[in-house]
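To start, the structure under review is shown below, and the notes come after it.
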Amino acid sequence: MAERRYLHLNLVANDLNLHQGAYKYERAQGIPERSTFERLLEYGKFGDEGLFTALFVGDIPGLQGSPAFDGGPAEPITALTAISQHTKYVGLIATASTTFYDPYNLARLLASLDQASDGRAGYNAVTSVVDRFALNYSLEHHLDREARYQRADEFLQVLRALWDNRELRRDPDGHTRFYAEPIEHRGERFQVAGALNIAPSRQGRPLIAQAGGSGPGIAVAAKYAEMVFTNSSTRESAAAYRETLDKALLEQGRAPGSVPPIPGLIPFLGRTAKEAEEKLRELDSHVDWAPLAPYAMGQFGLEVPLGDLDEPFPTHLLPRPEDVEKTIKSTFGNYVGLYNWIRERPGVTVREVVAQAVGRGGATHRKFVGSYDDLVADFAAWHEDGNVGGFNLMFSAGAADIREFIDEVVPRLVDHGIYRATPADRPLRERF
């Protein structure tokens, strides 16, 4: 009998994706101030309690000069290793750049997280996009997109070989010992002898995830990924992405449907849709929108002049995604998502675009405003389509919103039969 298919819900576990009014909103609601590390551990607690498949921690490998709250955020592998000691079930997915790391060093770090968490570790492979970050890593300039993905391909090849060429084996004398073989990799960008000197966890090696919607990104995902983060804002775009990914999987000799796409989502919830809308308006009221405007298009490296916040957005100045796929300075899928969102809303104002792109959190991912039951119905429809494995959830107001989701939405999802009622105790790779 086929195993029942449940939604995977991942919790984005840092404050980078909060609504820009979140901290003032928390103070207005009487929520006590916590340190950055206390907030990290709070995400871990919610991860287990809410039966989330995994925590997902993004990374910014340098000072971005962005409106981020927590200055970074914290380095993901360090943060998740700490969280692993305060959690039992939730998976722990760390983001790290294939452009700036060395594969042997990263293989050791992630294998250590996998040990510390007893087989709950995952790796979100990204190529990085901000030019000035390269100067922090002894590079004279950032690699262009094609070179970054060529490096990512070979990087992941080395990483997999290091992880796969080791085992714990019970010897005839009854003792379990660690064995590892050299990989003797001699490539265009890396020369790595191996073997890796970190013993495997019960899942053997960490799960590999990949984020990015460009052609090169999908090609790398089809070769190595076991889960893909996407920016699908409609069920139609999710179906189109699923078709593209499945075609790429077939070309790599992998089964269609074997790699679940997980789109991002930011829910604004209430007992009724009106209550959810009122919460969003209150959060918005705590934001000074004008200073955020340069980040709306600037995050993509695009020069789009913006006028008054209440004027119509100059949609005619936006380049088509296919014209900037090779030059975009941020995640290509995020630009596609924002581009489509703007094109679908004739007359949209500058303020509304700034809110969607940066002010309301979660980059340009889909924002959902509605009641608890509305969200369950939405999840059920996407689940029935079968084009996504679940959602990467970013909560606009942090702890208060996550608490509300666990108390109100999770039981409804369980009753609907599309979400697990008990924790998953299997290694993270087996869950996906």
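The values are calculated or read from the model by the stated rules, or taken from the named source; none is laboratory data. Just so you know, these numbers come straight off a predicted model, no measurement behind them. Using ideal geometry, Cβ is built from the backbone for each residue, glycine included, and neighbour counts are taken over all protein chains shown.
Quick notes on this one:
- H175 being within 25 Å of V324 (Cβ to Cβ), at pLDDT below 95 and not aliphatic (A, V, I, L, M): no
- Condition broken by N387, with the remaining ones in (1) within 20 Å of the chain's Cα centre (by Cα); (2) not in a loop (DSSP other than H, G, I, E, B) satisfied: (2)
- Positions within the range 351-376 being in a helix (DSSP H, G or I), modelled with pLDDT of 90 or more and touching a strand residue (DSSP E or B) at 6+ places or on another chain (Cβ under 9 Å), in sequence order: Y372, D374, L375
- A count restricted to the range 71-109 and to residues that are touching a helix residue (DSSP H, G or I) at 6+ places or on another chain (Cβ under 8 Å) and in a helix (DSSP H, G or I) stands at 12.
- Failed condition for K223, given (1) on the phi > 0 side of the Ramachandran plot; (2) modelled with pLDDT of 95 or more: (1)
- Note on the range 290-340: residues that are surrounded by 15 or more Cβ atoms within 10 Å (Cβ to Cβ) and basic (K, R) total 1.
- Considering the range 397-432, the residues that are hydrophobic (A, V, I, L, M, F, W, C) and not in a helix (DSSP H, G or I) include one that is nearest to G50 (Cα to Cα), namely A421.
- If you check T234, T272, T244 for being more than 19 Å from I93 (Cβ to Cβ), in contact with a strand residue (DSSP E or B) (Cβ under 7 Å, 6 or more places away or on another chain) and among the β-branched types (V, I, T), only one passes: T272.
- Scanning the range 110-136 for residues that are more than 17 Å from the chain's Cα centre (by Cα) and part of a loop (DSSP other than H, G, I, E, B) returns S117, D118, G119, V130.
- Counting only helices (runs of 4 or more DSSP H) that sit completely within the range 236-343, those holding 1 or more residues that are among the aromatic types (F, W, Y) correspond to 293-298, 332-343.
- Test: residue in the range 330-337 that is in contact with a Ser or Thr (Cβ under 8 Å, 6 or more places away or on another chain) and of a type in the set (G, A, S): yes
- In summary, I208 fulfils each of the numbered conditions (1) outside any loop (DSSP other than H, G, I, E, B); (2) out of contact with any helix residue (DSSP H, G or I) (no Cβ under 6 Å at 6 or more places or on another chain) with the single exception of condition (2).
- Selected residue (criterion: farthest from the chain's Cα centre (by Cα)) from residues of the range 180-225 that are of a type in the set (S, T, N, Q) and within 16 Å of R148 (Cα to Cα): S214
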